[in-house]
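K.L.:
Dumping the structure here so I can ask a few things about it.
The values are calculated or read from the model by the stated rules, or taken from the named source; none is laboratory data. None of these values were measured; they are calculated from a predicted model. Every residue, glycine among them, receives a Cβ derived from its backbone with ideal geometry; neighbour counts consider all protein chains shown. These accessible areas exclude ligands, DNA and RNA; they are computed on the full protein's heavy atoms, side chains included. Shrake-Rupley method; radii C 1.70, N 1.55, O 1.52, S 1.80 Å.
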Amino acid sequence: MRAARLIKMVLLLQSRPSMTAAELATELEVSERTITRDALALSEAGVPVYADRGRAGGYRLVGGYRTRLTGLARGEAEALFLSGLPGALRDMGLDDAASAARLKVSAALLPSLRDAPDSVAQRFLLDAPGWYQEPETPELLPPIAEAVWDDRMVSARYRRGDREVERELAPYGLVLKAGVWYLCARSGTAFRTYRVDRFASVALSVERFDRDGAFDLSAFWAERAAEFARSILRAETVVRLTEEGARRLPYVTDRAAAEKALAAAVTEEGGLRVVLPVESEEVAFSQLLTLGPEAEVLAPASLRERFGAAARAMAARYA
């Protein structure tokens, strides 16, 4: 365990100019005291690890030291070929580059690991689009992907409703969500999200932009996705659920909203009383109807009346 950690520490320092003890501790999931001991052990073993003192200090390798401890274990090799979505790479126009990279890595593997690509391909498949959808590749995805890779500004026309707007964008990253491509870009000083299939035109500039080092694509997307989910839940409905209805609720409506509502539920005669945020009465009707007799809508009155009418019609149909 410690040997693997020491190798990883050397590889981390080899890939960056320097790292603080806190950064290394976070990466290696140990304490800063352990990092100090590991650095001393590496130094005693002949690895030239140097510690810079002071607030801006850290650890670095001296004299351009390069380790040859780059052999891959089987699990590491298989994980490498698992990463990425072949379809997504093809859509972005990167299939040839990815294929060449895989061939080069395969050629560099030990003979005993040459079957790693086939081994993974027969065990794992990443399929991003949702069910009952025919995924379409946006026509302008390849040039947008090129701009993202090269940190190049783009001049774009974007369809917003029934009109088009012009934008000068610094494209930071692409996200594939349920078969739909989104661009995360800086417009002026603000970061925004754009659906790639709504771009009417995109022109790459010769001008490059300097990336904000504090920007984290994963964190940005998670925040915007949660913000979007909250923004569409503009109404509320009060529902009494049976035990089975409570179990199934997160599967028929927004999971986060359902789990929050269930956590605050009140137990009363007949089941659990929950106040559930919903997008609209229309959406709530279609979602809660799937719970059948496991849910009773108490409010608003108009939605309760609609469920009553649906129940009577269904009873008459099956009488």
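K.L.:
Rounded to whole Å, give me the distance from the Cα center of segment 154-221 to that of segment 246-319.
P.N.:
Taking the Cα centre of segment 246-319 as reference, the centre of segment 154-221 is 38 Å away.
K.L.:
Rank these by accessible area, largest first, 1.4 Å probe: THR137, THR20, THR34. It would help to have the intermediate numbers written out before the result.
P.N.:
Working: THR137 70, THR20 45, THR34 20 Å².
Ranking THR137, THR20, THR34 by accessible area, largest first, yields THR137, THR20, THR34.
K.L.:
Same structure, new question: Work out how much length ALA315 to LYS260 would gain on full extension: take 0.36 nm times their residue separation and subtract the Cα-Cα distance, in nm to one decimal.
P.N.:
Stretched out fully, the ALA315 to LYS260 stretch lengthens by 16.5 nm.
K.L.:
For every other residue with a beta carbon closer than 13 angstrom to the beta carbon of GLU279, add +1 if it is Lys or Arg and -1 if Asp or Glu, then tell me the sum.
P.N.:
-2
K.L.:
Shifting gears a bit: Mind giving me the FRET efficiency for VAL206 and ARG163? R0 is 30 Å, r the Cβ-Cβ distance, nearest 0.05 is fine.
P.N.:
Plugging the Cβ-Cβ distance into 1/(1 + (r/R0)^6) gives 0.55.
K.L.:
Determine how large the accessible area of ASP150 is when every protein chain is in place; take a 1.4 Å probe and give Å² rounded to the nearest 10.
P.N.:
60 Å²
K.L.:
Using only the Cα atoms of segment 198-319, what do you get for the radius of gyration and for Dmax, in Å?
P.N.:
Gyration radius and largest Cα-Cα distance of segment 198-319: 20.7, 72 Å.
K.L.:
I'd like to check one number: the per residue accessible area of segment 175-257, probe 1.4 Å, reported in Å² as a whole number. Show your work: numbers first, answer last.
P.N.:
Details: 4920 Å² over 83 residues.
Normalised by residue count, the accessible surface of segment 175-257 is 59 Å².
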